[in-house]
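Quick notes on the structure that follows.
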Amino acid sequence: MHLPQAVLFDLDGTLLDSEHLWLLAEQQTMQRWNVDWTPQDQEYCLGGPLERVAQHMQSRIESQRDSLVPSLAELSSTLLSHVHSLFLAEPIAWRPGARSLVEDAHARGIPTAIVTASWRLLLDAVMSNMRSHVGEFTVSIAGDEVLHSKPDPFPYLEAARLLNVPIVQCLAIEDSPTGTESAVSAGARTISVQHMTNIAVPGAITISTLEGHTVESLWSVDSLHY
């Protein structure tokens, strides 16, 4: 049976149905400066990293305020505080098919990694809850721990390095253009799951849902639109 040597998962929007929490946290952050934050703003920032979201927030505030504009550090800290509180308060909500896919990889003894643009503070909070559902992931990569975050290939290359697996033998699962670009450019076989936005990254295989899929079926998919 031909299988990948590792499966690399994005977190928000891929494994977890958490984008609504990010939207709420972003709106709470912008309320502090009396600026609206729309779903279109969230879509623009989909996939992070946090620095990119803060830059967009700063730009939006600058366009609507004449007074002092907050620093990127202040915006990042405020957003991180809001989203961390929401993640701790909410139960784990899996995306369709995601939990069973992780369980399938673990049952087969295939190493797994979470590769996310979210910071370690958030990742650890989520993983502590996920552990009781699916057990341990082999490694995890957080956005504040890498030299270059998504869409740079570095996070996926680093995950493969830590797993001691060739990146071309890795199956990467993503849901955003930013993350998909990162995985494809790293050289992983990349599945992009349609969620909040259209994904048109050359080299990625686009599917509508993980529901009903196994590691084997995803590794075998050869259509660019499934």
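For ALA204, the criteria (1) open to solvent by less than 50 Å² (accessible area, probe 1.4 Å); (2) under 12 Å from LEU8 (Cα atoms) hold in every case but one, which is (2). Number of residues in the range 162-189 that are part of a helix (DSSP H, G or I) and more than 20 Å from GLY48 (Cα to Cα): the value is 5. Taking the residues in the range 14-44 that are in contact with a Phe, Trp or Tyr (Cβ under 9 Å, 6 or more places away or on another chain) and not in a helix (DSSP H, G or I) as candidates, determine which candidate is modelled with the highest pLDDT. Checked the range 14-44; the qualifying residue modelled with the highest pLDDT is LEU15. For LEU50, indicate whether it is at pLDDT below 90, under 14 Å from the mean Cα position of the chain (by Cα) and under 30 Å from PRO4 (Cβ atoms). For LEU50, the condition - at pLDDT below 90, under 14 Å from the mean Cα position of the chain (by Cα) and under 30 Å from PRO4 (Cβ atoms) - is met.
Of all residues in the range 69-96, exactly one satisfies the criterion of being more than 26 Å from MET57 (Cα to Cα) and buried (at least 19 other Cβ atoms within 10 Å of the Cβ), namely ARG95. Taken over the range 109-161, the criterion of being part of a helix (DSSP H, G or I), of a type outside the set (Asp, Glu) and open to solvent by 30 Å² or more (accessible area, probe 1.4 Å) is satisfied by ARG120, LEU121, SER128, ASN129, ARG131, SER132, HIS133, PHE154, LEU157, ARG161.
The values are calculated or read from the model by the stated rules, or taken from the named source; none is laboratory data. Nothing here was measured: the structure is a model prediction, and the numbers come from that model. Please note: Cβ atoms are built from the backbone with ideal geometry, for glycine as well, and neighbour counts cover all protein chains shown. Surface areas here come from the heavy atoms of the whole protein model, side chains and all, with no ligands, DNA or RNA. Shrake-Rupley method; radii C 1.70, N 1.55, O 1.52, S 1.80 Å.
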